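Shown next, in structure tokens, is the structure this report addresses.
The values are calculated or read from the model by the stated rules, or taken from the named source; none is laboratory data. These numbers come from a predicted model, not from an experiment. With ideal geometry, Cβ positions are generated from the backbone for all residues, glycine too; neighbour counts draw on all protein chains shown. Each accessible area value is taken on the protein alone, full model and side chains, heavy atoms only, with ligands, DNA and RNA left out. Shrake-Rupley method; radii C 1.70, N 1.55, O 1.52, S 1.80 Å.
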Amino acid sequence: SSVSYRIAGTSAGHHDALVSFKGGSKEWDVAAADIIVREAGGQLLDADSKPLRYNKADLVNHNLLIAGHPSTIKKLLPMVQKKSIAMIGCITHSTPIYPDGVRERFGGGVIYGSETAKKLGLDVTVITAGAQDIDGGVAQLTKQGIKAVRLPRKTSNNFSNDYSGPKRILRMSSVMPGSVTKKEVQKYLPKAHAWILNPIFHEVSPSLVPTKRDFIVFMDLQGLTRKVKKNKDGYYHLVDHKWTGWKQWKGKVNILRVSDEDIEHMAFPASAKLPTQKILYLVHHGFPLVIVTQGSK
């Protein structure tokens, strides 16, 4: 499992090349192998096609590494080098209630997803929408070197889920009107290899995604399968219903992530009764790859 052994192995002909996507090796982990490969006429490069630099202030190799003969690397690099992604969805200024009180934080899939993508060495741009109350979340990402833009709205999609009882109560303290438009997105988004759609509620719509495109679209259904109803307590409570809107996303999504709970909230023909039948129905009706998560969490 030694990355250094595998790098050096390219010079001995054990294998044609090494590609390490993980990152996290230290300079001293790869320095000796780097010398061996270079002396044998090979290369050890990062995702930007550059030789590794040593004695940096940060001694960790965060990005992808690729080693082998220069001609082999030239063929492989376009397939594996640094990718850019655009993450579209709402940052929330959440105030969930727990048995020990209220915890205030910024959350949402675009927060967790973009932070992870940054650690993996991806070039990330976040497009979020909401009022000024989520500016702290935008600042949290900017501080980490992540490009983040807030499209202005009068209100944000903010959660105040109640975890104080035996069963979680899904509710929102404020709801953003309308979804993000294609015109708004095009103004800020660079050309990306992939779009990651992380809707907290209904901030993305099929009209956002061009039919003809040269990038991958991944969507996590999340709040799209629910609607809200304002309750007497002043909060918007999330109500489950049989969502038919998924049909409008046919051909717009390359990779669809759903939970087993999401599948129960989607309207299917009577012939698709079992969860497996429903998943296969999605695959055969416009969603080439479906990822399903299961379990109580």
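A few comments on the model shown:
- Candidates His241, His62, His14: whichever shows maximal mean-square fluctuation once the chain is modelled as a Gaussian network with Cα springs under 10 Å: His14
- Over all other residues within a Cβ to Cβ distance under 10 Å of Leu141, the charged ones net out to +2, with Lys and Arg as +1 and Asp and Glu as -1.
- Cα lying deepest toward the dipole's positive end in the chain, options Trp246, Val126, Gly136, charges on Cβ: Trp246
- For the chain, a Gaussian network of Cα nodes joined below 10 Å ranks Thr92, Thr125, Thr142 by mean-square fluctuation, and the top entry is Thr142.
- For the chain, the C-alpha radius of gyration divided by 2.2 N^0.38 Å, with N the number of residues, is 1.19.
- Using the rule -39500 (n - 2.57) for each DSSP H run of four or more residues, divided by the residues of the chain, the 222 nm mean residue ellipticity is -7000 deg cm²/dmol.
- Helix axis angle, 275-284 relative to the chain longest principal axis, alpha carbon, degrees: 70 degrees
- Rounded tilt (10° steps) of 109-119 against the dominant C-alpha axis of the chain: 10 degrees
- Using a cut-off of 18 Å between Cα atoms, the listed pairs Lys167/Lys278; Lys22/Lys118; Lys119/Lys183; Lys26/Lys147 include Lys167/Lys278; Lys119/Lys183; Lys26/Lys147 as exceeding that distance.
- Dipole in debye (nearest 20) - region 1-107, about Cα centre, beta carbon charges: Lys, Arg +1; Asp, Glu -1: 240 debye
- Volume per residue of the C-alpha convex hull in region 102-197, rounded to whole Å³: 123 Å³
- Using alpha-carbon coordinates, inclination of helix 27-39 to the longest axis of the chain, degrees: 50 degrees
- Looking at region 1-77, the chymotrypsin sites (Phe, Trp or Tyr not before Pro) that sit in a DSSP loop and have at most 14 other Cβ atoms within 10 Å of their own Cβ are Phe21, Tyr54.
- Of the solvent-accessible surface of region 54-111, computed with a 1.4 Å probe and all protein chains present, 58% belongs to carbon and sulfur.
- Per residue, in Å², the accessible surface of the chain once ligands and nucleic acids are set aside, probe 1.4 Å: 54 Å²
- Cα centroid separation, region 210-250 to region 62-76 (Å): 41 Å
- Other-chain or far-sequence residues with amide H under 5 Å of Ile216's (modelled H): Ala194, Trp195
- Residue of Ala32, Ala57, Ala40 that the Gaussian network model of the chain assigns the largest fluctuation, springs spanning Cα pairs under 10 Å: Ala57
- The chain, relative contact order in percent, only Cα pairs under 8 angstrom and at least six apart counted: 12 percent
- Spin-label model distance (nm) - Ile169 vs Asn254, 7 Å beyond Cα toward Cβ: 4.3 nm
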